[in-house]
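The values are calculated or read from the model by the stated rules, or taken from the named source; none is laboratory data. The structure displayed is predicted, hence computed values, not measured ones. Glycine also receives a Cβ, built like all others from the backbone with ideal geometry; neighbour counts cover every protein chain displayed. Just so you know, the surface numbers come from the protein's heavy atoms only, side chains and all, with ligands and any DNA or RNA stripped out. Shrake-Rupley method; radii C 1.70, N 1.55, O 1.52, S 1.80 Å.
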Amino acid sequence: QVLLVESGGGLVQAGGSLRLSCAASGRTFRRDDVGWFRQAPANAREFVADISWSGGSTSYAESVKGRFSISRDNAKNTVYLQMNSLKPEDTGVYYCAENCAGPSIHVVDYDYWGQGTQVTVSS
């Protein structure tokens with residue numbers, strides 16, 4: 001059974017930083033892309049960033065480019081999302097997800113999801 005566990009969320013002031021982690025519990029990520037998504041109340045879940053198995057290819061939503069950085073440590077079965085210069089509009093539940101078919105920005109293309117971690121940015 002695939003199990004992804006996010007951690008690292010919390011409350012931070014605007015301009016601050018957080019680092020989220022996504023761990024594959026009891027299994028490895030295999031050779032899959034991993035993405036981060038977020039969902040604010042009453043909004044649809046949206047793409048934030050994704051990273052290839054090797055870590056050599058990454059992509060970001062325009063709204064987070066230059067502020068967020070995705071990375072992975074396959075030896076630790078963990079993917080990270082470093083979030084800097086946070087804004088109130090970054091508030092939401094952040095989810096990591098695994099995509100067996102290759103890179104994608106679309107929610108429907110991801111096969112496995114974690115339960116999410118709350119990020120709240122105060123103004």
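Is it true that residue 85 is in contact (Cβ under 8 Å) with a residue 24 or more places away in the chain and open to solvent by 60 Å² or more (accessible area, probe 1.4 Å)? When the stated conditions are applied, residue 85 passes them.
Determine, yes or no, whether residue 28 is β-branched (Val, Ile, Thr), touching a residue at least 24 places away in the same chain (Cβ under 8 Å) and open to solvent by 30 Å² or more (accessible area, probe 1.4 Å). When the stated conditions are applied, residue 28 passes them.
For every residue, the table says whether it meets (1) within 11 Å of the chain's Cα centre (by Cα); (2) of a type outside the set (Val, Ile, Thr); (3) surrounded by 12 or more Cβ atoms within 10 Å (Cβ to Cβ).
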| residue | (1), (2), (3) |
| --- | --- |
| 16 | no, yes, yes |
| 20 | yes, yes, yes |
| 33 | no, yes, yes |
| 41 | no, yes, no |
| 46 | yes, yes, yes |
| 54 | no, yes, no |
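Consider the range 61-80 and keep the residues that are open to solvent by 60 Å² or more (accessible area, probe 1.4 Å) and of a type in the set (Lys, Arg). The one that is modelled with the lowest pLDDT is 76. Among the residues making up the range 71-123, those that are β-branched (Val, Ile, Thr) and within 17 Å of residue 38 (Cβ to Cβ) are 79, 91, 93, 105, 107, 108, 117, 119, 120, 121.
Can you tell me which residue is nearest to the chain's Cα centre (by Cα) among those in the range 1-10 that are closer than 12 Å to residue 93 by Cα and surrounded by fewer than 16 Cβ atoms within 10 Å (Cβ to Cβ)? Here the answer is 7. If I ask for residues that are among the small types (Gly, Ala, Ser) and open to solvent by 20 Å² or more (accessible area, probe 1.4 Å), which ones from the range 94-123 would you list? 101, 116, 122, 123 - these are the residues of the range 94-123 that are among the small types (Gly, Ala, Ser) and open to solvent by 20 Å² or more (accessible area, probe 1.4 Å). Inside the range 13-42, can you point out the residues that are under 13 Å from residue 82 (Cβ atoms) and of a type in the set (A, V, I, L, M, F, W, C)? Across the range 13-42, the qualifying residues are 18, 20, 22, 36.
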